[in-house]
Each structure stands twice: as structure tokens, then as C-alpha cells.
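Reviewing the structure listed below.
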Amino acid sequence: MNYNALVASISSYTENTFPTVDMNVFITQAEKRIYNAVQIPALRKNVTGITTANNKYLACPDDFLSSYSLAAIDPTTGAYSYLLNKDVNFIREAYPKPTSTGSPKFYALFGPAVASSVITTELTFLIGPTPDAAYSMELHYYYYPETIVTASTTWLSDNYDPVLLYGTLVEAYTYMKGEQDMITLYNTKFAEALTQLKRLGDGLERQDSYRSGQARMPVT
């Protein structure tokens, strides 16, 4: 299902034609509800960066929402060392002096960056101890993939469009202040589709038959 097909389906189901700006809001709101409920491959991104010696801060990517992992790559051996996620106060307590340097072991989400005394919307990591050299850092993180509104098709629309269809219907019919029984129906269908997507994203894609055994129904 592409963007045009989704729009046509919403108009057909609701028997209503919405302004494009409103339709796009329905779709993007549904996408965010879905992306915050299920961890699917489309939500993962990988980037690399480099620390600066004697600088305990590391900038987050512009589209960063949360981290899966952060690893420091030894500049000499190329070995990966995964940092442990901690609170800022833990790192401050463990390394009270910024001049305490070494190989990075911990990281924390510090907060918005400050540029020319102005707080920006971008986040930064606090590294502990303060890096003693320029380390390559590999970050796996969660972000919102490009919406179908601008991409025309997405992983979600290509691989499991029922959840996108019913999620958008919930938003559209709520906007219409539609009949309660229909809102309940669309919410139920959306919940069913979301459960099936969670089976894929949070279940099947996190196991295999070698480790977990084949899926099977109990025999009575």
C-alpha cells in the first residue's frame, strides 16, 4: 500500500474527503502510535562518530530518540567495547573531576546542547571517564523513519499495512466525531493489527528455530 492507496482507502471507509493537511496529520499520528508500540527493524539506525580527547560530551544525531547501544572502538586495536548506560549523577559521582581521563566505559543522556548560550533541541551524551583520545563511537539508536506522507511507501506500508490503515482510520474517525460504535470497532481492529505486528517485531524477529525451537501449538 502506498500513500495514494492509503488516502483512497481512508476516504472510502469514512465516506469523506479530507483536506490533504488533515489527512497527513492522521497518518503521521498513527505512525507515531505504532512506532512507539512495536520495535520493528525500520526503527533502528546505525551511525558512527568520533570523541574528542579531553571532551566528555558527544553529540547525538539530529533524529535521535533513544539508544539501543553505544560502543567505543579502540583506536589501536579496533576492538569494540560497549558502554553501560547510566544516569548523569552516577558518572558525576564516579568521575567527579573532568580531568579524569581514560577509555570510555559509561554514557548517559545529558540533555540539550547549548550553542552560544542558547539551548538547542539537540541532545548530547555524557561520557565517563572523559575520553583520553579520539575514539570512534558506533551508536545504534531508535528514530522515527520517514513518514509515508513524503516517502510514498515505507517498510510498514510494504510489510504490514493493516495496522497503518486502521491506525489512520481511528485518527480520521475521531476527527469526524463519528459514531461511538464505529470508533470502538476501528480501535478494536487497530489493536488486533498491532498485536499481530508485535508478534513479528517483538517476537519472531528476536528468535530463530535453532535457539528457540519451532513454534508449535500444545497438543491435548
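In the chain, the longest principal axis of the Cα atoms and the axis of helix 180-201 are about 40 degrees apart. Of the solvent-accessible surface of the chain, computed with a 1.4 Å probe and all protein chains present, 52% belongs to carbon and sulfur.
When peptides 58-66, 156-164, 17-25, 122-130 are sorted by average Cβ neighbour count within 10 Å, with the highest value leading, the order is 122-130, 156-164, 58-66, 17-25. Under 5 Å from the amide H of Tyr135 lie the amide H atoms of Thr51, each residue being 5 or more positions distant or on a separate chain, with H modelled from the backbone and absent for Pro and chain starts.
Shown in residue order for the range 138-155 are the 3J(HN,Hα) couplings computed by the Karplus curve 6.51 cos²θ - 1.76 cosθ + 1.60 at θ = phi - 60°: 10, 10, 9, 8, 9, 8, 7, x, 4, 5, 4, 4, 9, 8, 6, 9, 9, 4 Hz (x for Gly and Pro). In the range 163-220, the ratio of gyration radius to Kirkwood radius, Rg to Rh, stands at 1.23 when only Cα atoms are counted. Residues Leu6, Leu200, ordered by accessible area of protein heavy atoms at a 1.4 angstrom probe radius and largest first, appear as Leu200, Leu6. For the chain, the per residue solvent-accessible surface stands at 58 Å², with DNA, RNA and ligands left out and a 1.4 Å probe. Considering only the Cα atoms of the range 21-120, their convex hull presents on average a projected area of 9.5 nm².
Only alpha carbons enter this Debye calculation for the range 137-198, each as an equal point scatterer, and the log10 of I(q)/I(0) it gives at q = 0.28 Å⁻¹ is -1.12. Convex hull volume of the C-alpha atoms in the chain, normalised per residue: 204 Å³. With all pairs of different C-alpha atoms in the average, the Kirkwood value for the hydrodynamic radius of the range 1-64 is 15.4 Å. Could you state the angle between the C-alpha long axis of helix 20-35 and the longest principal axis of the C-alpha atoms of the chain, as a value from 0 to 90 degrees rounded to the nearest 10? For helix 20-35, the angle is close to 60 degrees. Rolled with a 1.4 Å probe across the full set of protein chains, the surface gives Glu179 an accessible area near 110 Å². Exposed loop sites here are trypsin sites (Lys or Arg not before Pro) in DSSP loop states with at most 13 other C-beta atoms within 10 Å. What is the longest stretch of the chain lacking them? Free of exposed loop sites, the longest segment is 1-176.
Between the Cα long axis of helix 3-14 and the first principal axis of the chain there is an angle of about 50°, rounded to the nearest 10.
The values are calculated or read from the model by the stated rules, or taken from the named source; none is laboratory data. This one's a predicted model, so the numbers in the text were calculated from it and none came from an experiment. Because the Cβ atoms are built from the backbone with ideal geometry, glycine has one as well, and the counts that use them run over all protein chains shown. Note: accessible area is taken over every heavy atom of the protein model, side chains too, but ligands, DNA and RNA are not part of it. Shrake-Rupley method; radii C 1.70, N 1.55, O 1.52, S 1.80 Å.
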